[in-house]
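In what follows, a single structure is set out as structure tokens and then discussed.
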Amino acid sequence: MRGQPAWELLLPAAAAPARQRGRSLQEALREAVRTGRLAVGTRLPSSRALAADLGVSRGLATEAYEQLTAEGYLRSDRGSGTWVGGAARAAAPGVRDLAPRAPGVRVDFRPGTPDLSLFPRAAWGAAQRAVLSELAHRRLGYPDPRGLPELRTAVAALLARRRGVVADPERLVVCSGVAQAATLLGLALRARGHGAVGVEDPGSPEHGRLFAATGLDTVWLPVDEEGLVPGPLAASGVRAVVVTPSHQFPSGISYAAARRAELLDWARSVDGFVFEDDYDGDFRYDRAPVGALQGLDPERVVYTGSVSKSLAPGLRLGWLLLPGELVEEVVERKRTMDLGNPVIDQAVLARYVSGGGYDRQLRRCQRAYRERRDALVAALERHFPGTVTSGIAAGLHVIARLPAAYGPTPALLAAAEAAGVALRPLEEYGTVRPADGAVRLVIGYAHLTPAEIGRGVALVAAAGPRSGVG
């Protein structure tokens, strides 16, 4: 049978080292059935004939037939031999990578991504080695679903010191970033009878998608230069709202003190909650960071943040600081969702934070991002005279308002795309459309070098509607 193609693929398995030969033969037969090299209904040779053909013992061939028959790949009819069964199906070919990509983009100004080259590999590696050498064996079991006590303690101290929150480690839940925090809260609100949640307009579309996945509708609520507008909020009928008060996304404003107070008064009056996404509160360049809203009323504000902007989104580590009445049900949902976050990653972050590495990383990032912000503002002034930038005192993006002469917006975006530059208009982040004809862009800069920023703005200027106009 050596000349038959169906058996040729079994020859490498038969040539495997003696201790691996049986397992290799079984896997080769499985693969032949899965891929259709051995078609459904094909009658296989007897175990004696197969063993002779491959030069292996009959016992190995018999064992392979019996194992694959038990698994459903083969079927055996008493007295009539062994046949290829019909249960197996080939797996989809190839492995896809669904991570966000921007093919063909030369300069990507879309907001939301930090500079991943700033990740502190050496310090993180040192912390990881120390953790692996010191972590007790028992600590590798299922963790507290809230997170390791040492991480919750370290993060609570960090948040109290840097963000002014009321941080009780017993109310802090370690989670897989803000996305899981929103999902956990959404499930808890849904169970309490909430049917909808308010979101800022303009605001992050991701908030609406996350809460929609938990069964909650979203209601767009307008934001002005001082924060969430009280009237529409009161009239909306919602009892929970998502806000970014320290550095509103995408407008870049900080909520005025009066609006903060009005928002908390509303939450108390409707027995509701404010979900504070403090996504980049640590990045303030021209004055001290604005403290978190949660510090004013920890029983009405659900606070969340993560290391996605300060370290890397791929770590999938964040935190959720809860009002007392929500702790038990959110923790139970966390338990059933994933039984807790990876222990080693938590222990490494705890060591990194408590050892001062996280503070050093923030200072390093702030220096780099301030330089890049300045480079962006200067490039816009040079290539698009008359542009007004806002939201530049903090965060990782700016709002650029280009004069109407550089529009209309679709034409500018099309020209930028043709030049290989990815841009996002402010209109993509809410329901409000500008009436003055100006082009409003949300420009992310943290992940780009000053040279890349300058080149990207120059490319848009050269390709845009007013290119060549003096």
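The values are calculated or read from the model by the stated rules, or taken from the named source; none is laboratory data. Bear in mind that the values here come from a model prediction, so they are computed numbers and not experimental data. Methodologically, a virtual Cβ is constructed for each residue, glycine included, from the backbone with ideal geometry; neighbour enumeration extends over all protein chains shown. Remember, those area values only see protein heavy atoms, side chains included, never the ligands or the DNA or RNA. Shrake-Rupley method; radii C 1.70, N 1.55, O 1.52, S 1.80 Å.
Residues whose amide H falls under 5 Å from that of R424, counting only those 5 or more places apart or on a different chain, are V442, with hydrogens built in the peptide plane.
Packing, taken as the mean count of other beta carbons within 10 Å per residue, orders the peptides 378-386, 277-285, 16-24 from highest to lowest as 277-285, 378-386, 16-24.
In the chain, Cα pairs under 8 Å separated by at least six residues give a relative contact order of 17 percent. The Rg/Rh ratio of segment 239-298, with both radii computed over alpha carbons and Rh defined as the Kirkwood radius, is 0.97. Pairwise Cα distances in segment 322-430 exceed 24 Å in 56 percent of cases. For the chain, the C-alpha radius of gyration sits at 1.29 times the compact-globule guess of 2.2 N^0.38 Å, with N the residue count. Within segment 170-257, antiparallel bridges make up roughly 20 percent of the DSSP beta bridges whose residues both belong there. Taking every Cα-Cα distance in segment 232-356 and sorting them into 5 Å bins from zero, the calculated P(r) comes out as 2, 9, 16, 20, 19, 16, 10, 6, 2, 0 percent.
Within segment 38-138, the proportion of C-alpha pairs whose separation exceeds 20 Å stands at 68%.
Just need the relative contact order of segment 267-367 here, percent rounded to a whole number, with Cα pairs under 8 Å and 6+ apart.
Details: 92 pairs, mean separation 23.3, N = 101.
Rounded, it is 23 percent for segment 267-367.
Per residue, the accessible area of segment 246-381 comes to 36 Å² when a 1.4 Å probe rolls over the protein heavy atoms.
In the chain, helices alone account for a calculated mean residue ellipticity at 222 nm of -13000 deg cm²/dmol, with every DSSP H run of four or more residues adding -39,500 (n - 2.57). Amide H contacts under 5 Å for V219: V197, G198, V199, restricted to partners 5 or more places along the chain or on a different chain, H placed in the peptide plane at 1.01 Å from N. Residues whose amide H falls under 5 Å from that of I253, counting only those 5 or more places apart or on a different chain, are Q248, with hydrogens built in the peptide plane.
Tell me the angle of helix 257-269 to the major Cα principal axis of the chain, expressed in degrees between 0 and 90 and rounded to the nearest ten. The angle comes out near 60 degrees.
Peptides 205-211, 322-328 ordered by packing proxy, namely the average of other Cβ atoms within 10 Å per residue, highest first: 205-211, 322-328.
If you take all other residues with their beta carbon under 12 Å from the beta carbon of V219, and give Lys and Arg +1 and Asp and Glu -1, the sum is -2.
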